[in-house]
Amino acid sequence: MSDQNVRNAGFTSSGITGGSLASSMMSREARSSGGGVPSGGPTSTLQGMGAKGTTHSSGFTSSGISGGSKGSHMMSQEARSHGGGTPKGGTTSTVQSISMGGKGGRR
């Protein structure tokens, strides 16, 4: 289900779907970054997973992040770099929200 939710948001193997949640995220992220979408950010991470269909296998599931997975490692790194918590609108929270069918965190 998480892979389908990511595709439904507009992150697909043929790129980001125009007019989708993915395209609005990309636009918002590019504006806040001065014109480009940063590598490792929510948009690029979700696009990579959507293109490959690897959201679920990366540990982002419709019931949460799987322990010992790439997703849990990502969450731990992000929490350490932010003093112990994952920020709303950060990569981990946004990927998890979209994989569960949500709209991602808003910064």
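The values are calculated or read from the model by the stated rules, or taken from the named source; none is laboratory data. Here the structure is a predicted model, which is why all the values come from computation and not from measurement. Neighbour counts run over all protein chains shown; Cβ positions are idealised from the backbone, glycine included. Note: areas computed on protein heavy atoms with side chains; ligands, DNA, RNA excluded. Shrake-Rupley method; radii C 1.70, N 1.55, O 1.52, S 1.80 Å.
Does residue 40 qualify as being under 13 Å from the mean Cα position of the chain (by Cα), modelled with pLDDT of 95 or more and not β-branched (Val, Ile, Thr)? So residue 40 does not fit the description; no. Does any residue in the range 32-47 that is within 14 Å of residue 99 (Cα to Cα) come within less than 9 Å, Cβ to Cβ, of a residue that is part of a loop (DSSP other than H, G, I, E, B) and among the hydrophobic types (A, V, I, L, M, F, W, C) six or more places away or on a different chain, and which pairs are these? Partner pairs satisfying both residue conditions: 43/37; 46/9; 47/37.
Within the range 42-79, being part of a loop (DSSP other than H, G, I, E, B) and surrounded by 20 or more Cβ atoms within 10 Å (Cβ to Cβ) holds for 55, 56, 58, 59. Quick one: would you say residue 19 is of a type outside the set (A, V, I, L, M, F, W, C), on the phi > 0 side of the Ramachandran plot and touching a residue at least 24 places away in the same chain (Cβ under 8 Å)? When the stated conditions are applied, residue 19 does not pass them.
Scanning the range 26-36 for residues that are within 13 Å of the chain's Cα centre (by Cα) and farther than 18 Å from residue 88 by Cβ turns up just one, 26. Evaluating residue 69 against the criteria (1) at pLDDT 95 or above; (2) under 14 Å from the mean Cα position of the chain (by Cα) leaves one unmet condition, (2). The residues in the range 28-41 that are in a helix (DSSP H, G or I) and either on the phi > 0 side of the Ramachandran plot or open to solvent by 40 Å² or more (accessible area, probe 1.4 Å) (or both) can be counted, and the count is 3. Scanning for something more than 14 Å from the chain's Cα centre (by Cα) and either at pLDDT 90 or above or buried (at least 21 other Cβ atoms within 10 Å of the Cβ) (or both), does the range 84-103 turn up at least one residue? Among the residues of the range 84-103, at least one is more than 14 Å from the chain's Cα centre (by Cα) and either at pLDDT 90 or above or buried (at least 21 other Cβ atoms within 10 Å of the Cβ) (or both), which makes the answer yes. Checking the range 17-27 against the condition returns no match, with no residue being aliphatic (A, V, I, L, M), part of a loop (DSSP other than H, G, I, E, B) and open to solvent by 50 Å² or more (accessible area, probe 1.4 Å).
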